[in-house]
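Take a look at the structure below.
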Protein chains: 2
Amino acid sequence: MDFHATEGWNRRELIRGTAMLGAGAMLMRPLPTLAADGPMAEIRKAAEAGKEASVQRLREWIALPSIAAENRNMPEGAAYMAELAKDAGFTNVEIVPTDGQPGVFGTIDVGAPRTLGIYFMYDVKQFDPAEWTSPPLEGKLVDKPGFGLSMVGRGAVNQKGPEATFLAALHAIRAVKAKLPVNIVLVCEGEEEIGSPHFRQIATRPNILAALRKCDGIFIPASWQDRNGNVAVNLGSKGVIELELVASGEKWGRGPKGDIHSSLKAMVDSPAWRLVAALNTLVTPDGNTPAIEGWFENVRPLTDREKSLIREAAKHLDEAQQKQMLGVQHWIDDLPYEDALIRLAQEPTVNIEGLVAGYTGPGGKTILPGRAVAKLDLRLVPDQTRAEAEKKLRAHLDKHGFSDVEMNVSGGYDPTETDENSRLIRAELATYKRLGVQANINARLAGSWPGATFTAPPVSIPAGHFGIGHGSGAHAPDEYYLIDSTNPKVAGIVDAAIGYAEFLYTLAAIR
Amino acid sequence: MDFHATEGWNRRELIRGTAMLGAGAMLMRPLPTLAADGPMAEIRKAAEAGKEASVQRLREWIALPSIAAENRNMPEGAAYMAELAKDAGFTNVEIVPTDGQPGVFGTIDVGAPRTLGIYFMYDVKQFDPAEWTSPPLEGKLVDKPGFGLSMVGRGAVNQKGPEATFLAALHAIRAVKAKLPVNIVLVCEGEEEIGSPHFRQIATRPNILAALRKCDGIFIPASWQDRNGNVAVNLGSKGVIELELVASGEKWGRGPKGDIHSSLKAMVDSPAWRLVAALNTLVTPDGNTPAIEGWFENVRPLTDREKSLIREAAKHLDEAQQKQMLGVQHWIDDLPYEDALIRLAQEPTVNIEGLVAGYTGPGGKTILPGRAVAKLDLRLVPDQTRAEAEKKLRAHLDKHGFSDVEMNVSGGYDPTETDENSRLIRAELATYKRLGVQANINARLAGSWPGATFTAPPVSIPAGHFGIGHGSGAHAPDEYYLIDSTNPKVAGIVDAAIGYAEFLYTLAAIR
């Protein structure tokens, strides 16, 4: 996933910080004993009895890493996912071919009036075992101070841990022979970590589309409780395009095709300087506002309601702690915190992820490089679309005379929005309330996820995130997922499974 | 050395091209039988008899790589250099301590009226054996089509080959018990490949300074004959500063200290964009002319004589061949070749050697980097100085509000100039004429070398390059030096040694 939980920072993480700013309050509300009575009491007993099996299920899944970027274990990962789904009670489970890696689809139809969709990914991010203190495929249990015993492994929190926990909830409900309160539709892809290039093919396959359109909403399981047990309910998220801008002698017809001796700069043009000039047209001089022609044409300003939700959420956040966590002294334009959070949700961005040209090692090397690359991500807000943004960026470069600068888009998502009055969001809020978990409404996640595939036509259903529990280190070494919590405000794997069960019952019961 | 011979290009070379544009004529003048009569006939016989010893001397020297950047074999390299000097007849040989790596100094005083200085370096460039087709320390003999049997090894042409060949000339002269026609002063450093940071300490040590000031001039041995046997006589060279510009959250006080998630761009400033903005102020929009405040204040325009020398040299160059070699279709501003060559000599440059920020691997990674680096080299022309340029660049950045952008200078040289009427240059031209080698006068080398240490006060003597023979691949894999020439226009190691002997006799005899 392309966003990070508030607690996602530790010293070993490359990516410090968070886009989950709705979650960070300092309230000291203890997690209550969950589901102590009624049908949930039986389910809890079953979840506790099945805990070792659930933990082992997660560990074995972690041992099979599917990595689309490396074309590693992809058919194996899809087949494994399908077996996991069948074991949890899904029927009609099918492996869904695409022009890329296959997806998995399955349903549990209990004839309930309501249907809930759930989105899984079976792929994980690349990893370098040398950077890990615990082997990334072994799923060892390690104590994480302030949280408790956690399983360490690639995919532990992103997303196998939360997914395995949802499956654990289904196993527990089956174990007590309770009837599911809602029908469930599972759609699963294996290319999330490369930007879901073929997920739309899965979601719009006729039988899957028909199943999705019956859903009251669809959610991605999430385990982002912070130290205080708080979570966020996201009403939408920004879109994103990831791309490379490439200036080269090859395409430009000026400058060298390869690297040449730097003394020749006095008679030969430089693709690296060309890239700098092209980049310089994309943003305002402070680097903070896109300057691409027509970029704001379809930008819908935040509503008063959205702004007031952000201001409300800000009250539960600790600015000083966040600044320290991020290593940041000032927000853009020295904005006060609330305004910075509004800016975070409101503004589209043009970000430089990386610059690569010529000699990149220690010291210098007297060359004039034949090629220079900027890796960018552009975050989009409603009502921008990815297609519109790509077209406008290309037109902007052309208009400024940079038609030779290549624009290689590698992936992206449209922005998403889900009505806070939708049954999905109301069920989330009601479930958190029932669980005694502080949930802050996040008007718009600044990160991005494939949710637009669901919220946009032809699927057009609410989409969001739900879950308690905790983990951290997505995309980083020593990724982990909390199994046995020592923090009374944060759910371990059993409580988190019960959280999903509560969600199913709440969705069935809510008005 | 920070320049490359015309023939320095082959498919395995990263750095394609040349700054030695004075050497590229297509004249088909055969190399005459050298020194067939007189004292030189005896010296030639001795050089031929000593050839195997000379080749072995070079091979053993290559086996001991001294690399200042890696602090590898530095005292050993200096001691080895001192032994080589003693073996060749130098007396009072001393290892010269500096604040960095030691130099070596020695003289041969035969009481001759004239004295010639020679500049050696005992260090070599870093290398990665994996990139070589022949082991870089073994000095294997490999056929180079169009040239002949060549020794492959790190330092083969830069500079141990030409240096060993000069030593071979001294050995040959000693072998026939001929009296040297001139006194010789040897100064040698071990830090050329890192920009000669302490070479001035060597050259201005009182006894060395006194010895140098007695010289008619000093030269660096060079083996840059092209396929047609042609060479260049350089009257000077540009200076250079190599540096990194670094924008960071750490120094800026804005943006993050480390890398954070890219979604935060909407509320956090970006050091990468700051670097782009700072870079953009340094050059004109086409990237071709420095725009640093006051940069041209001390730039002396080329004289009419210098321009006419360049136009003369251009007649012997093959524009189409050079463009093909460099992979270049157009010179800056679509200049005609002569004008492009004048621009090459005339203009100071600001070149981007490399850009490094954030994620540099394949694909993308959604981070906002805390640090961005541009590796630059700035070529300077007379009467700019390195000290002036550093000061002006810093002042320019400060004036434009980029006082936080760090400027880490790693090395550099002042520009150099030597009068074409100096005895050194006249002796070079006369020797080449005697050898039947086409020599084109190059008004100003666009590359850079430590020659300014000699031409500037307090040493203030002419300095240049001299030598026949051939080699290529300086700084690249499979660097080589020609031993047995199969090209009648290009000298092998024996003829090249005789070339140095001729030079000594010519310098002694010339008016």
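The values are calculated or read from the model by the stated rules, or taken from the named source; none is laboratory data. Remember, predicted model here, so these are calculated numbers, not experimental data. Cβ placement follows ideal geometry from the backbone for every residue including glycine, while neighbour counts extend to all protein chains displayed. In case anyone asks, the SASA skips ligands and DNA or RNA and just uses the protein heavy atoms, side chains included. Shrake-Rupley method; radii C 1.70, N 1.55, O 1.52, S 1.80 Å.
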Exercise. Please identify the pairs in which a residue from the range B:311-325 that is closer than 20 Å to A:His261 by Cα and in contact (Cβ under 8 Å) with a residue 40 or more places away in the chain has its Cβ atom under 8 Å from the Cβ atom of a residue that is open to solvent by 40 Å² or more (accessible area, probe 1.4 Å) and not in a loop (DSSP other than H, G, I, E, B), counting only partners at least 6 apart or on another chain.
Key: B:Met325/B:Arg16
Practice problem: State the number of residues belonging to the range A:381-403 that are touching a strand residue (DSSP E or B) at 6+ places or on another chain (Cβ under 7 Å) and open to solvent by 10 Å² or more (accessible area, probe 1.4 Å). | Solution: 3
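Okay, residues lined up against (1) crowded, with 22+ Cβ neighbours inside 10 Å; (2) under 24 Å from B:Val55 (Cβ atoms):
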position	(1), (2)
B:Pro102	yes, no
B:Pro113	no, no
B:Phe120	yes, yes
B:Gln126	no, no
B:Glu131	no, no
B:Pro135	no, yes
B:Lys140	no, yes
Quiz item: Give me the pairs: first residue in the range B:364-390 and within 23 Å of B:Thr418 (Cα to Cα) and facing chain A (nearest Cβ under 8 Å), second residue part of a loop (DSSP other than H, G, I, E, B) and basic (Lys, Arg), beta-carbon distance under 6 Å, and six or more apart or on different chains, which are they?
Solution: B:Arg379/B:Lys238
Quiz item: So how many residues does the range B:479-491 have that are of a type outside the set (Lys, Arg) and open to solvent by 10 Å² or more (accessible area, probe 1.4 Å)?
Solution: 6
Quiz item: Failed condition for B:Asn234, given (1) of a type in the set (S, T, N, Q); (2) within 12 Å of chain A (Cβ to nearest Cβ); (3) more than 27 Å from A:Gly249 (Cα to Cα), with all others met?
Solution: (2)
Quiz prompt | Failed criterion for B:Leu235 (all others in (1) within 28 Å of A:Gly361 (Cβ to Cβ); (2) touching a residue at least 24 places away in the same chain (Cβ under 8 Å) hold) | solution = (1)
Quiz item: Which residues, taken from the range A:308-367, are of a type in the set (D, E, K, R) and closer than 30 Å to B:Arg379 by Cα?
Solution: A:Lys365
Quiz item: Failed condition for B:Gly239, given (1) more than 14 Å from chain A (Cβ to nearest Cβ); (2) touching a Phe, Trp or Tyr at 6+ places or on another chain (Cβ under 8 Å), with all others met?
Solution: (1)
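Listed here are the residues, each with its yes/no results for (1) of a type in the set (A, V, I, L, M, F, W, C); (2) in contact with a Phe, Trp or Tyr (Cβ under 7 Å, 6 or more places away or on another chain); (3) within 25 Å of A:Ala443 (Cβ to Cβ).
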position	(1), (2), (3)
A:Pro458	no, no, no
A:Ala463	yes, yes, yes
A:Ile468	yes, no, yes
A:Tyr481	no, no, no
A:Lys489	no, no, yes
A:Ile493	yes, no, no
A:Gly499	no, no, yes
A:Ala508	yes, no, no
Quiz item: Does A:Ala79 satisfy being in contact with a His (Cβ under 7 Å, 6 or more places away or on another chain), at pLDDT 95 or above and small (Gly, Ala, Ser)?
Solution: no
Self-check item: Of the criteria (1) within 10 Å of chain B (Cβ to nearest Cβ); (2) open to solvent by 50 Å² or more (accessible area, probe 1.4 Å); (3) over 27 Å from B:His475 (Cα atoms), which one A:Ala277 fails
Solution: (2)
Quiz item: Hey, A:Asp269 hits all of (1) at the interface with chain B (Cβ under 10 Å from one of its Cβ atoms); (2) surrounded by fewer than 21 Cβ atoms within 10 Å (Cβ to Cβ); (3) in contact (Cβ under 8 Å) with a residue 12 or more places away in the chain but one; which does it fall short on?
Solution: (2)
Exercise. Answer yes or no as to whether A:Arg343 is within 17 Å of B:Leu264 (Cα to Cα) and in contact with a helix residue (DSSP H, G or I) (Cβ under 9 Å, 6 or more places away or on another chain).
Key: yes
Quiz item: When residues of the range B:415-457 are filtered for being in a helix (DSSP H, G or I), closer than 24 Å to B:Ile194 by Cβ and out of contact with any strand residue (DSSP E or B) (no Cβ under 7 Å at 6 or more places or on another chain), how many remain?
Solution: 1
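Conditions (1) in the same structural domain as B:Leu275 (by TED's automatic domain parsing); (2) on the phi < 0 side of the Ramachandran plot; (3) touching a Leu at 6+ places or on another chain (Cβ under 8 Å), marked per residue:
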| residue | (1), (2), (3) |
| --- | --- |
| B:Pro206 | no, yes, no |
| B:Leu209 | no, yes, no |
| B:Arg213 | no, yes, no |
| B:Asp216 | no, yes, yes |
| B:Ile220 | no, yes, no |
| B:Pro256 | yes, yes, yes |
Exercise. Determine whether the range B:16-33 contains at least one residue that is buried (at least 24 other Cβ atoms within 10 Å of the Cβ) and either outside any loop (DSSP other than H, G, I, E, B) or at pLDDT 95 or above (or both).
Key: yes
Quiz item: Do you know which of the residues in the range A:345-363 that are open to solvent by 10 Å² or more (accessible area, probe 1.4 Å) and at pLDDT 95 or above is farthest from the other protein chains (Cβ to nearest Cβ)?
Solution: A:Gln346
Exercise. Might you let me know whether the range A:226-249 holds any residue that is in a loop (DSSP other than H, G, I, E, B) and under 30 Å from B:Leu380 (Cβ atoms)?
Key: no
Quiz item: Can you name every residue in the range B:242-254 that is more than 7 Å from chain A (Cβ to nearest Cβ) and either open to solvent by 10 Å² or more (accessible area, probe 1.4 Å) or over 24 Å from B:Asn351 (Cα atoms) (or both)?
Solution: B:Glu244, B:Glu250, B:Lys251, B:Trp252
Quiz item: Quick one: B:Pro285 ticks every box in (1) within 30 Å of A:Leu344 (Cβ to Cβ); (2) at the interface with chain A (Cβ under 7 Å from one of its Cβ atoms) bar one, so which box is it?
Solution: (1)
Quiz item: Can you find a residue in the range B:326-339 that is facing chain A (nearest Cβ under 7 Å), out of contact with any strand residue (DSSP E or B) (no Cβ under 8 Å at 6 or more places or on another chain), closer than 25 Å to A:Ser248 by Cβ and among the β-branched types (Val, Ile, Thr)?
Solution: yes
